[in-house]
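Below: the structure, in structure tokens.
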Amino acid sequence: MKARIHVSLKPGVLDPQGKAILGALESMGVDGVSDARQGKLIELDLADTDPDAARARVDDMCRRLLANTVIETYDIDLSE
Amino acid sequence: MKAAVIVFPGSNCDRDVAVTLRDVTGLDPRMHWHADPDLPKDLDLIVLPGGFSHGDYLRCGAMAAQAPVIAAVKRQAERGVAMLGICNGFQVLCETGLLPGALMRNRGLTYICKDVHLKAVTTDTIFTSHYDPAKAIRMPIAHHDGNYVADLPTLCMLEDEDRVAFRYCDAAGRVVDEANPNGSTANIAGILSENHRILGMMPHPERLADPRLGGTDGRALFTALLEALA
């Protein structure tokens, strides 16, 4: 089983890297982009076969290490 | 004053702070490898030094905060043992939850290595009692992720409980945005735990504690600790 974990900054937390990306897009002449936020994607190969157990384990990993819940949120996608 | 410096893979100011501690206290600190879970019980001070523990991968300090020694560090924090986290050590203290908030990428996105001015906001601590809050002091910073952030209730709590230890200021001591090198909220350069026994700060007092290195403004932090803990 695979887990894809998308870690992103909480809404309201200023994202200097996202701002720089937005500025770069604007300087390239790209329009119609009102905001940019940068996060990270973490992919795990899991030994689990039960999705519920896998989700609970990955959630625990996120809270303990993979995300800093003071400033970040995370979404977990599981696939076979 | 019995001190231990926790050494992580990638720490690079562990020896600098050890030299300063030895110079000020006359005693060698214990250099304690992060993988050793047993800390001596009779420590007066635990230092989490600067550096780039675990290559700053994932988030600065995140992996160091999971090190085997950290459970013992937390137990000693509960007992009121004094702790000083400098730069990466501050990041580790935030990642362990011993200090609130987080340190994000600098506002200008660049790594900054230069001397800055700061001032002690409270002198009612074992770390800052030898500083004059009216005077700007000079210390080096060297970091990519020193932009202190916390939610509004946390910031209010820090202010109400007199837990802001240092703020960035200009040479005249004015706390202004132009003197804020990294975008830290409210120019915060260092904060304290609830009992004022744990200090995390981004500037490096240990790097400016000997006249041969160009200044001694950092030394007063260590002489204050010696007076309080010896």
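The values are calculated or read from the model by the stated rules, or taken from the named source; none is laboratory data. Please read these numbers as outputs of a predicted model, since none were measured by experiment. Heads up, the Cβs are rebuilt from the backbone with ideal geometry, glycines too, and the neighbour counts pull from every protein chain shown.
Out of B:T185, B:T154, I need the residue that is under 17 Å from B:L103 (Cβ atoms) and out of contact with any helix residue (DSSP H, G or I) (no Cβ under 9 Å at 6 or more places or on another chain). Which one?
After ruling out the rest, the residue left standing is B:T154.
Is it true that A:S27 is closer than 23 Å to B:M104 by Cα and surrounded by fewer than 11 Cβ atoms within 10 Å (Cβ to Cβ)? No: the conditions fail for A:S27.
With respect to A:I76, determine if the residue is among the aliphatic types (A, V, I, L, M), more than 14 Å from every other protein chain (Cβ to nearest Cβ), within 21 Å of B:L58 (Cβ to Cβ) and surrounded by 10 or more Cβ atoms within 10 Å (Cβ to Cβ). Taking the combined requirement at face value, the residue satisfies it. Checked against (1) assigned to a helix (DSSP H, G or I); (2) in contact with a strand residue (DSSP E or B) (Cβ under 8 Å, 6 or more places away or on another chain); (3) surrounded by fewer than 22 Cβ atoms within 10 Å (Cβ to Cβ), B:L225 passes all but condition (3).
Determine whether B:L192 is closer than 21 Å to A:D15 by Cα and either buried (at least 19 other Cβ atoms within 10 Å of the Cβ) or among the aliphatic types (A, V, I, L, M) (or both). When the stated conditions are applied, B:L192 does not pass them. For the stretch B:1-44, a residue qualifies if it is in contact (Cβ under 8 Å) with a residue 60 or more places away in the chain and in a helix (DSSP H, G or I), and the qualifying residues are B:D16, B:V17, B:V19, B:T20, B:L21, B:D23, B:V24, B:T25. The single residue among A:I71, A:I42 that is within 11 Å of chain B (Cβ to nearest Cβ), surrounded by 10 or more Cβ atoms within 10 Å (Cβ to Cβ), in contact (Cβ under 8 Å) with a residue 60 or more places away in the chain and touching a strand residue (DSSP E or B) at 6+ places or on another chain (Cβ under 7 Å) turns out to be A:I71.
Just one residue in the set B:A186, B:A172, B:A209 is touching a residue at least 40 places away in the same chain (Cβ under 8 Å), over 13 Å from B:G85 (Cα atoms) and over 12 Å from the mean Cα position of the chain (by Cα); that residue is B:A209. Residues of the stretch B:169-184 include none that is part of a strand (DSSP E or B), at pLDDT 95 or above and buried (at least 24 other Cβ atoms within 10 Å of the Cβ).
Assessment of the stretch B:54-62 against the conditions (closer than 17 Å to B:A189 by Cα, in a strand (DSSP E or B) and modelled with pLDDT of 95 or more) yields no matching residue. Tell me whether the stretch A:8-21 contains one or more residues that are in contact (Cβ under 8 Å) with a residue 40 or more places away in the chain and more than 10 Å from chain B (Cβ to nearest Cβ). Yes: one or more hits. Here the strands (runs of 3 or more DSSP E) wholly within the stretch B:83-153 that include at least 1 residues being in contact with a Cys (Cβ under 9 Å, 6 or more places away or on another chain), surrounded by fewer than 20 Cβ atoms within 10 Å (Cβ to Cβ) and away from chain A (no Cβ under 14 Å) are B:137-143. Restricting attention to the stretch B:5-44, the residues that are surrounded by 14 or more Cβ atoms within 10 Å (Cβ to Cβ) and either touching a His at 6+ places or on another chain (Cβ under 8 Å) or at positive phi (or both) add up to 9. Of all the residues in the stretch B:45-73, those that are in contact (Cβ under 8 Å) with a residue 12 or more places away in the chain, closer than 23 Å to B:P203 by Cα and surrounded by fewer than 17 Cβ atoms within 10 Å (Cβ to Cβ) number 1.
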